[in-house]
Amino acid sequence: METLWFVLVAATLTVYVVLDGFDLGAGIVSLFVARDEEERSRVIESIAPFWDGNEVWLLAGGGTLYFAFPVLYASSFQGFYLPLMMVLWLLMLRGIAIEFRHHVSNPMWRPVWDLAFGGASALLAIFYGAALGNVVRGVPLDQSAEFFLPLWTDWTPGANPGVLDWYTVSVGALTFAALALHGGLWVAAKTGGELNTRAARFARMTGIAVATLVALVTWASFSIQPQLARGFAARPWLAVFPALAIAGLAGTFALRGETTRFGASCVFLLGMMTSAAAGVFPFVLPSSTDPSLSLTVFNTAAAGYGLRVGLWWWLPGVALAGFYMAFLYRRFAGKVESGAH
């Protein structure tokens, strides 16, 4: 049951990254591609029916983590208190910006909220990447499964790192670039005219940065976290996940059709997330000081009875959310051609 719930948590968070990733990416794209208020409105309109529904999967992932792995939830939320609060404020600022920008007709009003929307989206992408980098690298856990991380120390990963070091920042840069690519392909698929052309060009240029950063971060990850090499060596079939990532990234360059290239970007993000989760398994939060103190799916899970009963509640709830999202994306399929939002 512990392994099953690990898969469910990883799957829920992966769905969140793929879905909310494109509207975070759209916010990044709005900073670089949209040239006037009408184009920024079209970018926001392209995500308007979906963005709040996409964030449901973040709540689902956090709730599943709290239920299935309470020790991990308590340890990580205590140790990452400061960055988690920053993420929470950025999520609120981004939602407020989307909803408030069209409430007042004033030359100063919309540009301020547009900048807040784009800036919060960009910072969230970087913070999410840095958080993933911390999980892969490990944290200085003690025997009580507690740790504290300053925002930074000497910028080097080691026994006593900070939240930010050269490795976690590089993962943050990769995440920023990957979501910018994802958002660029989404905006290209949902808009027409010059905005479509610039978004597609932006995605192609960003794709080159993504490919470069993937190679660098992959090398750094295997150098810093030995569990990755051990995990893939012990279970060679896990190579299917990196293969998915490579195929998806290649598809963003090679495939024709805006929707098809966006689908390839979804496959790329799916492959990257599952590669990270499968590589560190059974660890859920490695220790950077003593491997025996690491948190695993087995020493952080809830009682077996609770996990079995919870499954019967979790499955219909997630199925209902999935059906709703499928309806939503079908209902609002097609291009956005006006800036009416």
When the chain is fully extended, how far beyond the present Cα-Cα distance does Phe100 get from Tyr305, taking 0.36 nm per residue of separation?
-> 69.2 nm
Can you tell me how much longer the chain between Val7 and Glu38 gets when fully stretched, taken as 0.36 nm per residue apart minus their C-alpha distance, in nm with one decimal?
-> 6.9 nm
For Ile47, Ile208, what's the fewest-to-most ordering of other Cβ within 10 Å of each Cβ?
-> Ile208, Ile47
Give me the angle, in degrees from 0 to 90, between the Cα long axis of helix 2-32 and the longest principal axis of the Cα atoms of the chain, rounded to the nearest 10.
-> 30
Quick one: order Phe232, Phe117 by neighbouring beta-carbon count within 10 Å, fewest to most.
-> Phe232, Phe117
Please give the FRET efficiency for Met205 paired with Tyr66, using the beta carbon to beta carbon distance and R0 = 35 Å, rounded to the nearest 0.05.
-> 0.30
Could you list the residues of the range 67-83 with an amide nitrogen less than 15 Å from a label point located 7 Å from the Cα of Asp142 in the Cα-to-C-beta direction?
-> 75-76, 78-80
Length added when fully stretched, Leu82-Arg235, from 0.36 nm per residue minus Cα-Cα = 51.5 nm
Using the count of nearby Cβ atoms within 10 Å as a rough guide to exposure, how do Ile28, Ile246 rank from fewest to most?
-> Ile246, Ile28
For the range 95-149, calculate the relative contact order in percent as a whole number, restricting contacts to Cα pairs under 8 Å that are 6 or more residues apart.
-> 23
Scoring the range 1-77 by relative contact order with C-alpha pairs under 8 Å, at least six apart, yields a percentage of 44
Between the helical axis of 56-68 and the dominant principal axis of the chain, each derived from Cα atoms, what acute angle in degrees is found, rounded to the nearest 10?
-> 10
Point-to-point label distance, Leu216-Leu151, nm (Cα→Cβ direction, 7 Å offset) | 2.3
Gyration tensor (alpha-carbon) shape descriptor, the range 251-341, a/c threshold 1.5 | oblate
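A short reminder: the numbers here are calculations on the coordinates, not readings from a lab. The shown structure was predicted, so the numbers you read here are calculated from the model rather than taken from an experiment. Cβ atoms come from the backbone with ideal geometry, glycine included; neighbour counts cover every protein chain shown.
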